[in-house]
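The values are calculated or read from the model by the stated rules, or taken from the named source; none is laboratory data. What you see is a predicted model; the values in this text were computed from it and never measured. When we count neighbours, we look across all protein chains shown, and the Cβ atoms used for this are built from the backbone with ideal geometry, even at glycine. Protein only, heavy atoms only, side chains kept; ligands, DNA and RNA dropped before computing areas. Shrake-Rupley method; radii C 1.70, N 1.55, O 1.52, S 1.80 Å.
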Amino acid sequence: MNRLIPLCLAFSLLLFQQSVKGQFAFNILVPPDGVYTKAQLWNLSVSYSGTSTCTAKIQVSVKSSGSGQLLFTAASASVTIRPGVNALKYQNLQPITSLSGGSASGDPSGLMPPGLYRVCYQLLITSTESV
């Protein structure tokens, strides 16, 4: 049975000369075991404890759990992260851009290849503004 292993949620904040005060937490909305589409990787919520609004991109890297081989890396368009819980869906993060030429395409259309994966998310802060 094809299944996506429990997501190893590794995220980092890359601050581009911006001051962000607060913590970010991801909650990945993964369907039950079965066949996964690449678009389902982009359904998540981001909780933010700060008081300023941020603009950020979400970057996803998918690696084989066994070999560690990179399947693909892709990034979302810019999205606004407000204090509190931010529900993000594939449709809100368009366009998704493939960033690397791993062994699979980062194009979000289509199914994930069969296998076990480690999926890492990064929140790339591009700007902040006071509320």
Under the condition of being more than 17 Å from SER76 (Cβ to Cβ) and either in contact with a His (Cβ under 9 Å, 6 or more places away or on another chain) or surrounded by fewer than 16 Cβ atoms within 10 Å (Cβ to Cβ) (or both), which residue from segment 114-131 is modelled with the lowest pLDDT? VAL131
Hey, does segment 30-52 have a residue that's within 17 Å of the chain's Cα centre (by Cα), surrounded by 15 or more Cβ atoms within 10 Å (Cβ to Cβ), in contact (Cβ under 8 Å) with a residue 60 or more places away in the chain and in a strand (DSSP E or B)? yes
State all residues of segment 56-70 that are open to solvent by less than 60 Å² (accessible area, probe 1.4 Å) and touching a helix residue (DSSP H, G or I) at 6+ places or on another chain (Cβ under 9 Å); if no residue qualifies, say none. ILE58, VAL60, VAL62
So for segment 76-83 (the condition being over 18 Å from THR126 (Cα atoms) and either part of a loop (DSSP other than H, G, I, E, B) or touching a Phe, Trp or Tyr at 6+ places or on another chain (Cβ under 9 Å) (or both)), does at least one residue qualify? no
Which residues, counting only those in segment 95-105, are surrounded by fewer than 12 Cβ atoms within 10 Å (Cβ to Cβ) and modelled with pLDDT of 85 or more? PRO95
